[in-house]
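The values are calculated or read from the model by the stated rules, or taken from the named source; none is laboratory data. Remember, it's a predicted structure, so these values are computed and weren't measured experimentally. Cβ: placed from backbone, ideal geometry, glycine included. Neighbour counts: every protein chain shown. Areas reflect the complete protein model, heavy atoms only, side chains present, ligands, DNA and RNA absent. Shrake-Rupley method; radii C 1.70, N 1.55, O 1.52, S 1.80 Å.
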Amino acid sequence: MTQTATPATDPGRANSTPTYQLFIAGEWVDSTTGETFESRNPANTNDVVGRFQQGGPADVARAIRAAEMAGPMWRRTPAPKRGEILYRFGQLMADNKERLSRAMTREMGKVLAEARGDVQEGIDIAFLMAGEGRRMFGDTVPSELPDKWAMSIRQPIGVAGIITPWNFPIAIPCWKMMPALVTGNTVIFKPSSDTPHCATLLVELMAEAGFPAGTVNLVTGAGSDVGDAIVESPDVPVISVTGNTATGRRIAERAARRLKRVSLELGGKNGIVVLADADLDLATDGIIWSAFGTTGQRCTACSRVIVERPALEPLLERLERRARALRLGDGLEPTTDVGPLINDAGRSKVEEYIGIGRREGELVMGGGRPETPGLQNGFFFEPTIFAGVKPMDRIGQEEIFGPVLSVIPVDDYQGAVTALNQTRYGLSSSIYTSDANAAFRAMRDFETGIVYVNAGTIGAETHLPFGGVKETGNGHREAGHAALDTYTEWKAIYVDFSGRLQRAQIDNQPD
Ligand code: NAD
C-alpha cells in the first residue's frame, strides 16, 4: 500500500483539475460507474478542488470483498502490532498537519486555526487508540467454582461501514476508524461528497502508515448509492454514521432489519444558560466562539442562549458588539474569523430559517448575505442574532446549522432548565454562573451527553466519551474507551481445570 492517490500533473494541462480514485484492496482504482463529481471551495466556487469517483453498489461490493479477505489476517495480528500502525499514522498526520489543514479549509471553509484543531483531534485519537492496542481491557473475575477461571475479552465484529459528514472531515473519520481498526475490524469508509479530498488525503496517509491491503477501503459517492449499499449489505455487520437525525433514522431503520449494530451521532440544538450572577464577558467569549465558530456548523454549536432576565440586556449588548466585529472571508486568510457555509443548500436552509425567525423573534443583527466585495463567489452568511425567542419557537427548536443564535429570556434557574431540556436533541450544553451549587445542579439536570461549566458548548477532548441523548443518537459513544464498545463483541471465557464436571449455580449450593 505505497501508492498515492494524488494524480501526477499533466504537463500539457497545467491547470487541469486533478481526478482522484477509490481505494480498494490496497489499490487506487476508478469507479465501475465511470462517473465523477466535483468538489469546490465554498469560499470561492470558481476554485475546483478536484474530481472524485461517483462510486456505486458494485464498488461497495468490491470494497466489502477486499475487507472480508483482509479480515482474518488483521484480526489475528496482535493488537499491540495493530496499535503500532495507528501510532505511525498519527505521527504521519502530525508531520502533515499543515498540508491537511489547508486542504480542509479550501474544501469545506472552516478557518485555518479550526482546521488545525480538526486535524489535531485526528492525531489525538490515533495516539489514544494506538495505546488501546496494549490495553483493550476485559475482565478477569473469580469463578464461583473451585479450580475454574472466568474472564472476558473483546473481539472484532467484522467489516465496519464508516459513514461521515463534511463538518469534521478528518477528526470524525479518525474517531470512527481508529477504534474500529485497533480492535481488529476492517473498514469501508464513505465520506461526505462535500469533502472527498480530505478523505483521500487521509487514506493516502493510512496507506503510507502501513495498514495492510484491504483493511481500509475508501468509496466516494452519494449517500443514496454508496451509503445505501453499505447499509443494505449483509456482510457489513457494524455501521457508524454521523449526520443529521433524518439520515441516521433512515439508516437505523434499514439496518435494524438485518439486526446490525449501528452507532448514530446526529443533530444538536445546543444551549448555553447564562445566570444573572455570571461573568458576562467570559460568557460572551464562550457564546461567540460556540455560535459562530465553523460558521455555526458544528454538531456542538451553540444556537440557543437561555438567559436570566437581569442579565439579558447587558449580555445582548455584548453579543451584538462582538458579533458585529467578526470578519467574514476565506478561512485561509489570517484575518478571517468566520468562513463560508458549506454549500448552496446549506445557505438556502439558513435563509429559510431567517424568514421563520423574523416572524418568531426580533432580528438584532445579520440575517443576510454579506455585501463585502470579494465574497460573492462563496456561500457566506452574516452572523445573525435573534432576541425575544420563546423556547418552543422553531428557531429555538430546529437544527439550523449556520451562524444563527437565538436568545431566550427566562425568569430563573428552573425556567432555564426547562427551556434547555425542551428539545428533541441532547448533545452539548453549558452554564455560566459564579454559584458552585447552581453549576452542580446543572451537571445533574441538563439532559445532554456533554455539559460544560463556564465554557462554551464546544471543546470535547478525545479521551472522554462523546455523544448525545434523545434524538442526537442511539446510546453509543465515540472517543474514549467507550468507543471500543461500538466495534467489539464481548466474549466470556470459562476455563475449568478441576478435571471433573462442575455445574454452575448447582454444585456450589448446599444440598
Ligand atoms: P448528512 O446526514 O447529510 O450526511 C452524513 C453522511 O451520511 C454523508 O456521508 C452522506 O452521504 C450519508 N448519507 C446520506 N443519506 C444516506 C443514506 N440514505 N444511506 C447511507 N448514507 C447516507 O449530514 P451532513 O450534512 O454531512 O452533516 C451535518 C449533520 O451532521 C448535522 O446534522 C450535524 O449535527 C451532524 N453531526 C453530528 C455530530 C455528532 O457527533 N453528533 C458530529 C458532526 C455532525
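For the range 301-311, a residue qualifies if it is open to solvent by less than 10 Å² (accessible area, probe 1.4 Å) and either out of contact with any Ser or Thr (no Cβ under 8 Å at 6 or more places or on another chain) or more than 15 Å from I385 (Cβ to Cβ) (or both), and the qualifying residues are I306, V307, A311.
Taking first residues from the range 423-442 that are open to solvent by 10 Å² or more (accessible area, probe 1.4 Å) and partners that are among the acidic types (D, E) and assigned to a helix (DSSP H, G or I), the Cβ contacts under 8 Å between residues at least 6 apart in sequence or on separate chains come to R424/E471; Y425/E471. When residues in the range 221-253 are screened for being assigned to a helix (DSSP H, G or I) and more than 8 Å from the ligand (Cβ to nearest atom), 6 of them pass.
Six or more apart or on different chains, Cβ under 7 Å: which pairs go from a residue in the range 262-280 that's closer than 18 Å to F446 by Cβ to one that's among the aliphatic types (A, V, I, L, M) and within 16 Å of the ligand (Cβ to nearest atom)? Could you list them? Taking only residues 6 or more apart or on different chains, the pairs are G268/L427; N270/A301; N270/L427.
Across the range 170-203, what is the number of residues that are among the hydroxyl-bearing types (S, T, Y), closer than 17 Å to R154 by Cβ and not in a loop (DSSP other than H, G, I, E, B)? Even if it seems obvious, please write down each step before you answer.
Restricting attention to the range 170-203, the residues satisfying the condition of being among the hydroxyl-bearing types (S, T, Y) are 183, 186, 192-193, 195, 200.
With closer than 17 Å to R154 by Cβ added as a condition, the list becomes 183, 186.
Going one step further and asking which of them are not in a loop (DSSP other than H, G, I, E, B), we end up with 186.
Counting residues in the range 170-203 that are among the hydroxyl-bearing types (S, T, Y), closer than 17 Å to R154 by Cβ and not in a loop (DSSP other than H, G, I, E, B) gives 1.
What residue, among those in the range 77-90 that are assigned to a helix (DSSP H, G or I) and free of Cβ contacts under 8 Å to residues at least 60 places away in the same chain, is surrounded by the fewest Cβ atoms within 10 Å (Cβ to Cβ)? Walk me through it before giving the result.
Within the range 77-90, the first condition is being assigned to a helix (DSSP H, G or I), and the residues that meet it are 79-90.
Then keep just the ones that are free of Cβ contacts under 8 Å to residues at least 60 places away in the same chain; that gives 80-81, 84, 87, 90.
Numbers: P80: 15, K81: 9, E84: 17, Y87: 17, G90: 23.
Step by step, filter the range 77-90, then rank; the result is K81.
Of the residues D281, D330, only one is in a loop (DSSP other than H, G, I, E, B) and either open to solvent by 10 Å² or more (accessible area, probe 1.4 Å) or more than 29 Å from S193 (Cβ to Cβ) (or both); which?
Details: D281 fails: in a loop (DSSP other than H, G, I, E, B).
D330 is the lone residue from the list that is in a loop (DSSP other than H, G, I, E, B) and either open to solvent by 10 Å² or more (accessible area, probe 1.4 Å) or more than 29 Å from S193 (Cβ to Cβ) (or both).
Tell me the residue from H463, H481 that is modelled with pLDDT of 95 or more, more than 14 Å from the ligand (Cβ to nearest atom) and open to solvent by 90 Å² or more (accessible area, probe 1.4 Å), please.
Details: H481 fails: modelled with pLDDT of 95 or more.
Of H463, H481, the one residue that is modelled with pLDDT of 95 or more, more than 14 Å from the ligand (Cβ to nearest atom) and open to solvent by 90 Å² or more (accessible area, probe 1.4 Å) is H463.
Within the range 111-120, how many residues are in contact (Cβ under 8 Å) with a residue 60 or more places away in the chain and farther than 12 Å from G329 by Cβ?
Initially, the range 111-120 is screened for residues in contact (Cβ under 8 Å) with a residue 60 or more places away in the chain, giving 111-112, 114-115.
Next, from what is left, pick out any that are farther than 12 Å from G329 by Cβ: 114-115.
Of the residues in that region, 2 qualify.
K491 - would you say it is within 13 Å of the ligand (Cβ to nearest atom) and either free of Cβ contacts under 8 Å to residues at least 60 places away in the same chain or open to solvent by 80 Å² or more (accessible area, probe 1.4 Å) (or both)?
Values: within 13 Å of the ligand (Cβ to nearest atom): no; either free of Cβ contacts under 8 Å to residues at least 60 places away in the same chain or open to solvent by 80 Å² or more (accessible area, probe 1.4 Å) (or both): yes.
No, not satisfied.
Scan the range 293-323 for residues that are in a helix (DSSP H, G or I) and touching a Gly at 6+ places or on another chain (Cβ under 9 Å) and the total you get is 5.
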